[in-house]
Structure formats: C-alpha cells, structure tokens
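A.B. asks: Dropping the structure in here first, questions after.
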Amino acid sequence: MKAMVKELIQYRHLLMMLTWRDIRIRYKQSVMGFMWAIFMPLLIVAAGIVVKKGISIISGKPLELSDLASITVKALPWAFFIGTIRFSTGSLVGNRNLVTKIFFPREVFPLASVLANLFDFGIASAALVVILGFMGVGISVYLLWVPFLLLFLILFSAGLGMLMSCANLFFRDVKYIVEVILTFAIFFTPVFYEASIFGKWETLLLLNPVGSILECINTVVVLRRPPNYYWLSYAASCGIGLFLLGWNVFHRLEYSFAENI
Amino acid sequence: MSNVAIEFCHVYKKFKKGEKFDSLRDFIPHLTRKILSNASNGDLREKEFWAVKDVSFQVGYGEAVGIIGPNGAGKSTILKLLSGILLPNKGTFKVNGKISALIEVGAGFHPDLTGRENIYLNGAILGMNREEVREKYDSIVEFSELEEFIDTPVKRYSSGMYARLGFSIAAHVDPQILLIDEVLSVGDFSFQQKCLKKMHEIIDSGTTIIFISHNLPAVIQLCPKTILLNRGAVHQFGDTKDVCRQYYKIFSQTRKVDEGDSLSLEGVELFSSNGSPVTVFRPGDPAKIRFSIGSKIEIKDLVMSLFIKRNDGMVLFDTRSDLSGNKYFSFSEGETKEIDLSFKVNLPQGTYYVGMTLIAPSQGFCLYQDEAIEFYVDAPKSTGYAFLDLKW
C-alpha cells in the first residue's frame, strides 16, 4: 500500500498531464466548449423537473422552489459520478497504445478520468452557486460537510472506476453492461425524488452509497440541517472501502494488462 | 557493488496463440478448465508457446548492446520485460538504474493536440516532469526542425514529422538505461544521420543502451556487442560484426537449398605469391586459394562460384566460373581434385571470409561452403569496401 502511494506520487506529473489532456481534447474542436460541463447536469435537472411536476400533480402538493434546488444540487454530483464511471471504464482500453508500450502505474488512467470529470464538476458547481443564490438558498454551518461528502463520492467513483476499467480490459462486454446500468441507475438513486417518500423502503434506497451521499448533500445544502450520521458514516466507509478495494485489485492485475488488452 | 546494469537469468515468457477470451461468456468455461487441469506456471498449456526461452545475459554500466534477429524472435518482448510492461513466467532479472523505453516513437501522442502540447504530454509519459520539459523544450523543437508547425495539431503532420517529433522528445529524456526499439528508421537520410549522432552522444555520456534494430549497419555503428535472438532463445552474444555475419549466414536464402553429400570440401588453403601458406595479406598482394574437393559419384559440368565476405557479413565479391571464365568442373567416381584459383587482394584493412559453391546447373547446389577460410588484410591506412591502389 505504501509502495503504491509512493509510486503514484512519483508519477503525479503524468497524472496531471493526462488529466489535462482529457480536459483539453474534450474542449478542443467542440462547438459547445465549456457549456459541455453544464449540458449534462442541465438535462438531468430538466428531466427532474418533469418528474417532480408529475409527482406534484398526483399528490396535489404544489411544486416548490426548494424542490428545484434539491434536484439541481443532486444532479451535479450524479453527473460527475456517471461521467467518471463512463470515462474510466474505457480509459485503459482507449489508451491501449500506452498500456502496451510504456511502463508507468496504470492507475493514472482511471484516476485521470476522475480528475477530468472533477474539473467539469467544478465548472458546473460555480454555475450552481450562482443559481442557488438566486433561488434564495442561504449559507449554514452544515455546508462544512460538503467537502467531506464530495470526497467520499470521489473515492467511491475512483474505486469503482478502477474496478470497471480493468474489468473492461479483460472483458469487452463490461463497457456495455456499465452503459446500460448507468442509463437506468438514476431511477434507483434518489436524484429526482427524496428517499423519504418511499417510507419504510427508504433504507433500501439509501443502501446505494451514491444515494446516501446525495441525500446527505441535499440535507446540508438545501435543507440546512445536520446530515444523518448513520448514513454519513455508511457512505464514508463505502467510499473509502471501495477505493481501497478497487486500487488493490487494480494493482494486483496491473502486471497482466499488457498481454490481455 | 557490481557494475552490472541489466542482468537476465534464465528468463522465460510464454504467449498464447489464437483468440483470447474477450467476453465473460467465453471466460467462465475456460476458467473451470484451467482450474481442473492444474498445470503450473512454468509449463506450456494447449496453444501456448515460448516467446522468450531461457534467455540469460548481462549488460554492464555504460555499455551499448544491440539485439537483432528475425521477426518474432522475441526482441520486443525482452524490451517489454525489461521495462516492466510484461512479467516473466520463469526466471529473474535485475535492472539497476532508472530506465526509459522507446518502444514506439510517438506512442503517447494525441492527434488533436498541437506539437507543443504533445511535447509536454509525451515528456510526462516518458518520465519527465513539467520543469524538465520546459528546460529542454527549445532544444527538442530545434532538434525536430518543426518550429513552423509546432502549434499545429499533430494529426495534420506527415508521418515523417510525427516520427521526428517523437524521436526528438525521446532523445531528450536522460535516463541511466535507455531501451530503444527500432526508432532509427524514421525521417529522411539527414535526420537519420542526426539521430545516429545523437545516439552516439547519449552513449558517450555513459548511458547504458539496449538497441533493437533491423538496420544492421546502425547496430554495428552504435553497439560493440550484440545479441542474436532466434525463436525466443539467444543464438549468439558477442562482437557485433561476428553476430551480424552469423545472422546473415543463418537466415540467407541460399542456406535453405538442399545439399547433397556426394561432394565434399576436404581442404582449403591460401598461399602468397611465393607459394607459402599465409592468412595475412597486404592490400594488392597476389593470392592463391586451393580447394580440395572429393566426389563419391561421377558428375559433369559443375559451375563453381566464389564469394568474399567482410566480417559483418556483407558480400563484397561474388562470381561464377561459367560467367566470368567459361569454366566447368567434372568429377569421376571417387576422385579428389584440387582447384587452384588466383586473385589479387584488393581489399582494405579487415577480416574476410571466402565462400564457395558448386552447382549442377540443372539440379541445384551440390556443395555449399559459406565460410571456407578466413584471412586478414593488414592495411592500417585505408578503409571502405575496396583497395584501389591509388597513386598520389
């Protein structure tokens, strides 16, 4: 473990360069430019409004501004999560040339995908802060939880990304499976709705670590309340646990990448 | 502390023929079979073969060693093992020092990025940090001669420009051990000369180099010692010129002709002009060579050919008795004949080999002797391919 960290620190320049490359090519020769970072969250929010409106018509409760705020707050981390998983799944196979030709820790590929998506997330968050200000969502001391919650999400995404990238290296069908799951995962995760509307089934939804992280973010940002500490610690242990597991598995399989790709 | 930079100890690496398992559906039955047939890592399973077989060698610090061999001999596999991309199945190896591998020029280039951006990216891939690249940036661009196009995306580059930029970056990483796989075959003649010069500089600066190439003259120029690989095993490891000659010898086409055993070369001798046997000549000396050939059968009208090779395997002279002398050779059953040929040693300094063949024009080779005899020319003041006896 210590050696793995040391190796990664040694190659930090490469990690930064690959991240920069991933960002650079996304904005190069593209019509949308930086709009791209906001495009996907924007679509998610739009879809969320439609769903929410439907729910409010059925339940008879009017659609409130805070509902829109929570959809927006959840849409961004969700977009980051699926973006990261999607890009990191293909990151090893997409860099086949480098994997088979030059030696360096291969972790840098999925990790660069995480960082590149984090960059997009950062841009979108800047826009989000402005929007939330207009919506009248104020500041509270509980906002201090946000960096930790994001860290857990990043660790979880990085761990899953590393697992998926090496799974896809060995079996090319993983990419399609991941794609299908990511498309429908939004229905199983409390993005458009609050987990609480499911009553006693709430626990089941929050068992999805991404779900509990999103709920916690919503609680501290929009509702301005302390997060549920049970679910917070569950999300934290899932994030850290999956990251360590993913990294270890990745590291163990790393040596066989070049001949199996 | 020893001065060994690289040490290979009985290294084996196997690869698999045929399709790999790309999808889960194919993999599960394979996995169960693998578990049931408990073959160990060191044995070959079905459809597997050794890409590198029992390879051992040592390279000292500051040495330049070439690796040559036909396609599929395992050259690149050895480099990949050395750089850590592949792990050996059996055996161990040691590498002392920071390694940098040039397995493919421009492998890390991204087509959409400009030359400038790719220099930074590829520099990082080859193990340099941002500061180092910034320091060397100017000399990289200057070496590549691409100043005009440095802000153009590399997808618009010609393949020569692409390769030139790639080599320039790679040449500016200064590792302790440099692994190079066939990267000199890039660019035009003048750029190749420049690359060779740069490589000499790298070697002179004390870097250990492993150089893989099919460009034998370049190997001879750069590396004093060379490994010849064939089918994954070391065929020969020694002086580059000898190894190159061996390479030409085992893989030349003539080797494959069917030789009968009815004719045999029983002796070869070289004589000087006064008739005494010698093996060292001065350039321009007259020389006589005597072949003693025995035949078990009666055979008529054989054509003899004679050729002279330099010690790096290059054929300098080749002629046939029917074309240049209208001469044929006949043997009766059980006869041993002495054939005397005289020539002038118009050769510069070096070691040379005389080879001969006897051909029955309608049936093919009857006798083939690649290096029948070796001789030396002592001429410290001349180089090149031939001695022209110039008068100043």
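A.B. asks: In cubic angstrom, how much convex hull volume per residue do the alpha carbon atoms of chain B span?
C.D. replies: Roughly 241 Å³ of hull volume per residue.
A.B. asks: Further, regarding this structure: What is the projected area of the convex hull of the Cα atoms of the stretch A:131-261, averaged over all directions, in nm²?
C.D. replies: Averaging across all directions leaves 9.4 nm² for the Cα convex hull.
A.B. asks: Another question about this same structure. Taking one equal scatterer on every alpha-carbon of chain A, how large is log10 of I(q)/I(0) by Debye at q = 0.15 1/Å?
C.D. replies: Log10 I(q)/I(0), no solvent term: -1.12.
A.B. asks: Just tell me how shielded A:26-35 is by partners: mean number of partner chain Cβ atoms within 10 Å of each residue's Cβ, no decimals.
C.D. replies: Mean number of neighbouring Cβ atoms from other chains: 1.
A.B. asks: Additional query: Explain nothing, just the number: relative contact order of chain A, from Cα pairs under 8 Å at least 6 residues apart, as a whole percent.
C.D. replies: For chain A, the relative contact order is 26 percent.
A.B. asks: Which value at 222 nm does chain A reach when only helices count, each DSSP H run of 4 or more adding -39,500 (n - 2.57), with the total divided by all residues and rounded to the nearest 500 deg cm²/dmol?
C.D. replies: Value at 222 nm, helices only, nearest 500: -25500 deg cm²/dmol.
A.B. asks: Considering only DSSP beta bridges whose two residues both sit in the stretch B:259-377, what percent are antiparallel, to the nearest 5?
C.D. replies: 95
A.B. asks: Ignore the peptide's own chain and count Cβ atoms of other chains within 10 Å of each Cβ in B:207-215; give me the average, rounded.
C.D. replies: Average per residue, whole number: 0.
A.B. asks: Still on this structure, I have one more. Averaged over peptide A:92-102, how many Cβ atoms belonging to another chain are found within 10 Å of each residue's Cβ?
C.D. replies: Mean partner shielding for this stretch: 5.
A.B. asks: Separate question: Compute the convex hull volume of the Cα atoms of the protein assembly as shown, divide it by the residue count, and report the result per residue in Å³ as a whole number.
C.D. replies: So the per-residue Cα hull volume is 238 Å³.
A.B. asks: Which entries in the list B:K53/B:K94; B:K16/B:K53; B:K75/B:K194; B:K14/B:K80 go over 20 Å, if you measure between the two C-alpha atoms of each?
C.D. replies: Going by Cα-Cα distance, B:K75/B:K194 fall outside the 20 Å limit.
A.B. asks: Measuring from label point to label point, each 7 Å out along Cα→Cβ, what is the B:D112 to B:E201 span in nm?
C.D. replies: Calculated label separation equals 3.5 nm.
A.B. asks: How large is Rg over Rh for the stretch B:259-377, taking Rg from the Cα atoms and Rh as the Kirkwood inverse mean of 1/r across Cα pairs?
C.D. replies: Reported Rg/Rh (Cα atoms, Kirkwood Rh): 0.97.
A.B. asks: 7 Å from Cα along Cα→Cβ at both B:D340 and A:I139: what's the point-to-point distance in nm?
C.D. replies: Going from the B:D340 label point to the A:I139 one covers 11.0 nm.
A.B. asks: Still on this structure, please answer the following. With a ≥ b ≥ c taken as the square roots of the eigenvalues of the C-alpha gyration tensor of the stretch B:193-289, please select rounded if a/c is under 1.5 and otherwise prolate if a/b is larger than b/c or oblate if it is not?
C.D. replies: oblate
A.B. asks: Please give the length that would be gained between B:L316 and B:Q363 if that part of the chain were fully extended, namely 0.36 nm times their separation in residues minus their C-alpha to C-alpha distance (nm, one decimal).
C.D. replies: Fully extending the segment from B:L316 to B:Q363 adds 14.3 nm.
A.B. asks: Can I ask one more? Against the longest principal axis of chain B, how steep is helix B:159-171, in degrees 0 to 90 to the nearest 10, with axes from Cα atoms?
C.D. replies: Approximately 80 degrees, to the nearest ten.
A.B. asks: Could you give the angle, 0 to 90 degrees to the nearest 10, between helix B:240-251's Cα long axis and the longest principal axis of the Cα atoms of chain B?
C.D. replies: Once rounded, the angle reads 70 degrees.
A.B. asks: Helix A:209-221 against the longest principal axis of chain A: what's the angle in degrees, Cα atoms only, rounded to the nearest 10?
C.D. replies: 50
A.B. asks: Now a separate question. Rounded, prolate or oblate: which fits the stretch B:340-392 when a ≥ b ≥ c are the square roots of the eigenvalues of the alpha-carbon gyration tensor, with rounded for a/c under 1.5 and prolate only if a/b beats b/c?
C.D. replies: prolate
A.B. asks: Against the globular-protein guess of 2.2 N^0.38 Å, express the Cα radius of gyration of the stretch B:113-182 as a ratio, rounded to two decimals.
C.D. replies: 1.03
No lab work stands behind these numbers, since they all come straight from the coordinates. Quick caveat, the model's predicted, so the values are computed rather than measured. A quick note on method: Cβ atoms are made from the backbone with ideal geometry, for glycine too, and the neighbour counts reach across all protein chains shown.
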